[in-house]
1. On the given criteria, is Thr505 surrounded by 22 or more Cβ atoms within 10 Å (Cβ to Cβ) and touching a Lys or Arg at 6+ places or on another chain (Cβ under 7 Å)?
2. Looking at Ile317 and the list (1) modelled with pLDDT under 95; (2) in a helix (DSSP H, G or I), which single condition is not satisfied?
3. Which of the following residues is among the β-branched types (Val, Ile, Thr), in a strand (DSSP E or B) and either open to solvent by 60 Å² or more (accessible area, probe 1.4 Å) or at negative phi (or both): Val136, Val124?
4. Of all the strands (runs of 3 or more DSSP E) wholly in the stretch 178-249, which have at least 1 residues that are at pLDDT 95 or above and in contact with a Cys (Cβ under 7 Å, 6 or more places away or on another chain)?
5. Check every one of the helices (runs of 4 or more DSSP H) wholly within the stretch 466-519 and list those with 3 or more residues that are within 19 Å of Ile357 (Cα to Cα) and touching a residue at least 60 places away in the same chain (Cβ under 8 Å).
6. Scanning the stretch 276-310 for residues that are free of Cβ contacts under 8 Å to residues at least 24 places away in the same chain and open to solvent by 70 Å² or more (accessible area, probe 1.4 Å), which turns out nearest to Thr256 (Cα to Cα)?
7. So for the stretch 394-413 (the condition being outside any loop (DSSP other than H, G, I, E, B), open to solvent by 10 Å² or more (accessible area, probe 1.4 Å) and under 30 Å from Leu78 (Cα atoms)), does at least one residue qualify?
8. Select from the stretch 254-270 the residues that are modelled with pLDDT of 95 or more, open to solvent by less than 10 Å² (accessible area, probe 1.4 Å) and in a loop (DSSP other than H, G, I, E, B) and list them in ascending order.
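The values are calculated or read from the model by the stated rules, or taken from the named source; none is laboratory data. Everything numeric in this text was worked out from a predicted model, so none of it was measured. Cβ: placed from backbone, ideal geometry, glycine included. Neighbour counts: every protein chain shown. When the accessible area is computed, the model is the full protein with side chains, heavy atoms only, and any ligands, DNA or RNA have been set aside. Shrake-Rupley method; radii C 1.70, N 1.55, O 1.52, S 1.80 Å.
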Amino acid sequence: MKVYKRLAQAFKAEGTSATFGMMGDGNMYWIYELDRLGVKIHEVRHEGAGLGMADGYARTTRTPGVATATCGPGVTQLATAFVTASRASSPVVAFCGEAPSTDEEYSQFLDQSRFAAACETGFVRLLAPDQADDAVRKAFYLAKLESRPIMLSCPMDIQQKEFDDDEPYKTSSEVFTRGAVHPDARALERAADVLASSKKPVIIVGRGAQWSGAGQAVLKLAERIGAVILTTLLTKTFLNESEYHAGISGVYGSRTAMQLAHEADCVVGVGASLNRHTLENGYMYPNARYVHIDQKAHLMMGGGRAADAYVQADARIGVEELEKVLAGRGVKNTGYRTPDVRSKLLNHNADRTEFQIEPGTVDPREAVMVMDQIVPPEIGLLSGSGMTSAFCSMLMTRRRGLVQGGHFFGCIGQMLPAAMGAVVATGKPAMLLDGDASVMMHLAEFETAVRYDMPLLVVVMNNEALGAEYYKLDAHKMETRGSEITTPDLGKVAVSFGGRGAYATSIDQLTKAVKEFVAKPGPTMIDLRISRAVPSVPYRRIHYGRDE
């Protein structure tokens, strides 16, 4: 058989059920063979968006998402999506064609290994026909082991050579195994020493806690030590069934959460990097000692600080074992578990500041709270990384099976593709709330969503501006005109692409359009015109020096 055929068979054996990308000379035969094998091929309008979809798929399933691009310019289109996937710790395998191995004057020649390195991406090259199995196996293994994107670069001429081995393909899971990390007993004792003497502990849960299924273990530990629970921005609403859940740790947190954090004498980080944003450069917890539980051998916190007690372990196992040590010592503290704290946490996220809303626009705070109530919890929530994302991050508190934010590389434009990948991964409806500039960047991919009938609701939080720049200029009393960009009626654009669309300048119009999606999920875009008069709470704090 041809090498490209064996490569396709290997991807299928690795569990690939969907791919995202654009066909070109360097990958077309591989795509053809995957299609024959029953893999769902998603042909997109931009290679970078295809990799973004694979990234969203990987974030949702924690299994490798598969993207593809042809050689040279097809690969260079992947740059931003590669870095975003790397920062998101997403296991992605990108099958990339490469120029013929014997022709460095080929018009689409590119040193793809150097490009991958610059994009924080691992690199595996197919060097010979008999190495096809090894190359695919290595790419998938590294993607899973390192939780980052891996480029599998396959020269066009080698793909067309004969593959002679007819042995069954051995998957990466068969050849390489990786078990859960169990904690060292001495590290547990040091962590227990810190917790046993703490009076006001806080537990911060991150994606590692969520991925490992540590929820119930965290709730049990929190009850034992009297801790309030906070989350990283990326795990908002996780464990918010607890009445002592204080929301997000950092500038996206409520004033109540910040006050409790300021008083804390101990922070337990579970599956969270405890980066500068979560800790607000140390200002959130000025008097706290740190216990850090993570599966990595050692993880420095924001600002290069090391934890007082570091426990290398799977998040769930580490928390369970730590709770057992404390139970064995008879530790049982009240901590923050008091009626006073419980009362402070009632509706603590409310934003009651009044603003003068411009005619023909809506208050974005009211809009997101209405959507949170209308849209049932089985419909997932995804949000971008721009200024408007703070509204849903802080005010949409309903627990959902899928909640994802886009705060990885500080770039806009990546969450529409990621949301599409998440919908493919789950097969369930989801809604994306993102800014107008962000959605416009990959607007053509809404047509892709229509073509594959994806049950995705895109709500464009449209203030016709580059929101971050607008408020920074405004806060410095500078002319904002350069940050203002008009947009067409994006609801009509969605309809022209074959989907459903609406233009909303009132809460009633928004409510009607959202209810129509809930009743019959399908590719839908709502152009929601929001008021520029309302900066988000984080922007008020950072740029205006206001915390009301």
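1. Taking the combined requirement at face value, the residue does not satisfy it.
2. (1) is the only condition that Ile317 fails.
3. One residue alone meets the criteria, Val124.
4. By residue number, 201-205.
5. In the stretch 466-519, the matching helices (runs of 4 or more DSSP H) lie at 467-475, 507-519.
6. The residue in question is Tyr283.
7. Yes, because at least one residue in the stretch 394-413 is outside any loop (DSSP other than H, G, I, E, B), open to solvent by 10 Å² or more (accessible area, probe 1.4 Å) and under 30 Å from Leu78 (Cα atoms).
8. Within the stretch 254-270, Ala264 is the sole residue that qualifies.
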